[in-house]
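A short write-up of the structure that comes next.
The numbers here are math on the coordinates, done by the rules we state, and not lab data. Worth saying up front: this structure is predicted, and the values here are computed from it rather than measured. As a convention, Cβ positions derive from the backbone with ideal geometry for all residues, glycine included, and neighbour counts pool all protein chains shown.
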Amino acid sequence: MTAGRVLILTFVAAVIVFAVVQDRLTAAAARQYVTLQHAAATGNGPPVTIDEVMKPGVRRSVRVALMWSGMVTIAGLLGAAAVARRRRV
């Protein structure tokens with residue numbers, strides 16, 4: 001495998017990781033909103049707006065997804081460097 005292929009696979013993997021992590025955390029925020037709304041409807045909690053729950057949830061999902069996709073990118077860059085060095089020897 002060439003360093004170029006490693007970089008391409010790294011990019012694809014980083015995009016996939018970002019999408020999956022961001023989706024799962026956004027879905028968790030949506031579930032939290034439903035739970036809080038149900039509690040408010042039954043008189044067991046204060047009413048909330050969707051923005052109160054989803055804006056911080058989406059911000060967090062993007063931040064965490066960037067962190068994980070960044071880790072994948074760093075690992076891929078290190079792997080590509082190792083492949084490039086190995087091919088020179």
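Can you list, largest first and rounded to whole Å, the semi-axes you get for the chain by taking the square root of 5 times each eigenvalue of its Cα gyration tensor?
Each semi-axis is the square root of five times an eigenvalue, giving 43, 9, 7 Å.
With label points built 7 Å along Cα→Cβ from the Cα atoms of Asp23 and Arg88, find their separation and express it in nm. Using points 7 Å along Cα→Cβ, the separation is 4.0 nm. Between the beta carbons of Val12 and Arg63, assuming R0 = 30 Å, the FRET efficiency works out to 0.85 to the nearest 0.05. Using R0 = 25 Å, the C-beta based FRET efficiency linking Ile74 and Arg5 works out to 0.90. Taking the chain as a Gaussian network of alpha-carbon nodes connected by springs under 10 Å, the highest mean-square fluctuation of the residues Thr26, Thr42, Thr73 belongs to Thr42.
Put a plus charge on the Cβ of each Lys and Arg, a minus charge on the Cβ of each Asp and Glu, and nothing anywhere else: the dipole of the chain about its Cα centre is then about 680 debye. The HN-Hα couplings worked out from phi for region 40-57 by the Karplus form 6.51 cos²θ - 1.76 cosθ + 1.60 (θ = phi - 60°) are 5, 5, 8, x, 9, x, x, x, 10, 9, 5, 5, 5, 9, 6, 4, x, x Hz, whole numbers, x standing for Gly and Pro. When the Cα positions of Ala82, Ala27, Ala41 are compared along the charge dipole of the chain, Ala82 comes out farthest toward the positive end, with charges on each C-beta of Lys, Arg, Asp and Glu.
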